[in-house]
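Okay, so here's the structure we're looking at.
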Amino acid sequence: MRILNQTVGVILFFAGGLLGHSVQAQSQERIEIRTDVQKRVDSLFVQWDKPNSPGCALGVIKNGELIYRRGYGMANLEHGIPISARSVFDLASMSKQFTAACVVLLSQQGKLSLDDDVRKYIPELPAYGKMITIRKLLNHTSGLRDYPDLMDLAGYQLEEVTNTRDALGIISRQKTLNFNPGEEWLYSNSGYFLASVIVERVSGKSMQAFAKENIFEPLGMTATMYLDNHATIVPHRATGYELRKEGGFQIKMSNWEETGDGAIQTSVEDLLMWDNNFYNPKVGGKALIEQLLTPGKLNSGEKLQYALGLSVGTYKGLDMISHGGAWAGYRAELIRFPKQKLSVVCLCNLATMDPSRLAQQVAEVYLTDQMKQDQNIDVGPSGTNENVKFTHDELSRYLGYYRNPADETVRKTILREGKLVYVRGPENETELAPVTHDKFRMVDVPQHVMVTFTLAESGKVSGMQVIVASGKPTMFQSFKPAAPTKEQLGAYAGTFYSEELDVNYVVASQDSQLVVRIRRLEAKPLSPTIADVFKNDDIGWIRFTRDNRNAIVGFTLSTGRVRNVIFEKR
């Protein structure tokens, strides 16, 4: 028996040794694979991963665990504090999903209905003749003008302290809507700000207190808060930055205290708990998640991609849930691939960064074998159709100015180093890669965007259409900018007042161009587009109005999220 035991022991020793060697080899292989993935991910952030640059906190979540967390760049340049997964960032509009969750929780408690009239809780809001429901606020189909745009047009600066009273006041002064409720989808921060007012009035608690009690504490999100007081100390907070024209960086922070549309402060580590709640909901149960992920509808029955504080769509053939944010020097994104149980969190503290694109690129590293490339487009590595070649003269036919008559948006196309470039404004342009002889694809943008040029019977380019993902085309008409004389410019000069904004704009002719002054701010130049219409990239589009004697009597002012604010000449 002793001989048998010794033999068995020898066999087990060798077997154990071989098994241990095999496990070790497998472990080393896993480490090598993970290291290779990390290197590919890290390479996406290399330009910010240094001690003299702001950057990002990254989190990759798989099956409920942070499989990779990393900080790139500095949370604070003054004190040399690096970014980590514990660093706290302002989520900006990514906060909207938390606000929507608060509203749904109140509906679960029987304290409101998403189909209630907003004026039931906010009677100071004007009656526009059509009911605006809470659901329309959360779906961005209310028609309400965007309050940050309104406050910007009124001359408010990020450095000023503004609060609920200021925002509610300017929203309540608006005499008209952008459109009738439910007829269109147009992103508006006003809806989510008003949702936070409703939460506070119905619950009797501040947005921060209600969310802490009902979401943050139950999920263990100890570093998360709604920042409703600019003087609050936020532990581990990263400072927001922007680029300086002279080079380097400067601080870009906000003292606005409104909540709902933004204001969440949190970290990658805390967002792990929030992400897990979508799979194993401790807060709100499955009913909460189902409501947050149910897309809205227009009055026509058209289904939207936007649900409640979240966009529900696809990316390269995979279902994806997402929402980003941009405010002051902060940029944020969380994308979730529910079927793969993989999420990517990217929180940045530099205004020029694009965390949405970065998060998608990180996801591609992990899911590339499951993603589909664009179909029916023969493209090379740069996104260019290798079979379509243009000469300089052929590309030149597409150069010029294009105007969207629906909202006066102006775009320009230029040539740079033999490539066609789509220009939205200063430092905001995108290369166009050819797909066919009249169709181009935008390069290095978060979504699939196609630009198709249209030709008149003469063969000249008459316009273009821009399609984002699979959405409706935005139509632009080719035009030649007006060139008013110095004398003609002088006719536009004067002081113009808006009751809705409670502000004067002083328009003057200066150095053969129009400029406008708002409060104590620096004069802004106005560029002519078509007759009586001028634009400024910071303000928007001004359309002057005339009386029956052809004299200038006022103008309307529009931005992407605000339409036709009326100014009258004094």
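If contacts are Cα pairs under 8 angstrom and at least 6 residues apart, what is the relative contact order of the chain in percent?
In percent, rounded to a whole number, it is 13.
Please list 3J(HN,Hα) in residue order for the stretch 518-529, calculated via the Karplus relation 6.51 cos²θ - 1.76 cosθ + 1.60 where θ = phi - 60°; whole Hz, with x for glycine and proline.
Ordered by residue, 3J(HN,Hα) equals 10, 6, 9, 6, 5, 4, 10, x, 10, 9, x, 10 Hz.
In a solvent-free Debye calculation with one equal scatterer on each Cα, what is log10 I(q)/I(0) for the stretch 68-370 at q = 0.07, 0.17 Å⁻¹, listed in the order of the q values?
So the normalised log intensities work out to -0.26, -1.57.
Please report Rg (one decimal) and Dmax (integer) in Å for the Cα set of the stretch 486-569.
11.8, 34
If I require 27 Å or longer along the helix axis, counting alpha carbons, and a Kyte-Doolittle average no lower than -1.0, what helices from the chain are left? Use full DSSP H segments. Walk me through the intermediate numbers first.
Numbers: long enough: 2-43 (60 Å, -0.05).
The answer, listed by residue number, is 2-43.
Quick one: plug the Kirkwood hydrodynamic radius of the chain (C-alpha pairs) into Stokes-Einstein at 37 °C, 0.692 mPa s, and report D in µm²/s.
So the translational diffusion coefficient is about 125 µm²/s.
By what distance, in whole Å, do the Cα atoms of the stretch 191-254 stretch along each of the three principal axes, largest value first?
49, 28, 19
For the stretch 392-479, what is the largest minus smallest coordinate of the Cα atoms on each principal axis, given in angstrom and ordered from greatest to least?
Over the stretch 392-479, Cα extents along the principal axes are 34, 32, 26 Å.
If amide hydrogens are placed 1.01 Å from N in the peptide plane, which non-local residues have theirs closer than 5 Å to the one on Val503?
Result for Val503 returns Ser498.
Return the unpartnered cysteines for the chain, using a Cβ-Cβ cut-off of under 4.7 Å.
So, Cys102, Cys346.
Relative contact order (percent) for the stretch 264-343, with alpha-carbon contacts under 8 angstrom and 6 or more residues of separation?
Reported relative contact order: 15 percent.
P(r) tail for the stretch 449-529, what percent of Cα pairs lie past 16 Å?
Percentage above 16 Å: 67.
With θ taken as phi - 60° and the coefficients 6.51, -1.76 and 1.60, list the Karplus ³J(HN,Hα) couplings across the stretch 398-409 in order, rounded to whole Hz; mark glycine and proline as x.
Values, residue by residue: 8, 6, x, 10, 9, 10, 8, x, 6, 9, 6, 4 Hz.
Take each of the peptides 442-449, 388-395, 560-567, average the number of other beta-carbon atoms within 10 Å over its residues, and list them starting from the highest.
Highest to lowest by the protection proxy: 560-567, 442-449, 388-395.
So for the stretch 486-569, averaging the separation of alpha carbon pairs under 8 Å that are six or more residues apart and normalising by length, what relative contact order in percent results?
Computed over the stretch 486-569, the figure is 23 percent.
Based on the mean of other Cβ atoms within 10 Å per residue, sort peptides 181-192, 503-514 so the most packed one is first.
The densest-packed peptide leads the list: 181-192, 503-514.
Per DSSP H run of at least 4 residues, take -39500 (n - 2.57); add these up for the chain, divide by its residues and hand me the 222 nm value, nearest 500 deg cm²/dmol.
Dividing the helical sum by the residues of the chain leaves -7500 deg cm²/dmol.
Got a sec to turn the phi values of the stretch 82-95 into Karplus ³J(HN,Hα) couplings, 6.51 cos²θ - 1.76 cosθ + 1.60 with θ = phi - 60°, whole Hz, x for Gly and Pro?
x, 6, 9, 5, 8, 4, 9, 10, 7, 7, 6, 5, 4, 5
Please express the Cα-Cα pair-distance distribution P(r) of the stretch 123-254 as a list of whole percents, one per 5 Å bin, running from 0 to the bin with the greatest distance.
2, 9, 15, 17, 17, 16, 12, 7, 4, 1, 0
Give me, ordered by chain and number, the residues 5 or more places off Ser188 or on other chains with an amide H under 5 Å from its own placed amide H.
Those qualifying (amide H under 5 Å, at least 5 residues apart or on another chain) number zero.
Please list 308-315, 256-263, 475-482 highest first by mean number of surrounding beta-carbon atoms within 10 Å per residue. Before the final figure, lay out the partial values.
Working: 308-315: 19.6, 256-263: 25.9, 475-482: 15.5.
With the highest mean Cβ count within 10 Å placed first, the list reads 256-263, 308-315, 475-482.
Every number in this text was worked out from the coordinates using simple rules, so none of it is lab data. Quick caveat, the model's predicted, so the values are computed rather than measured. As a convention, Cβ positions derive from the backbone with ideal geometry for all residues, glycine included, and neighbour counts pool all protein chains shown.
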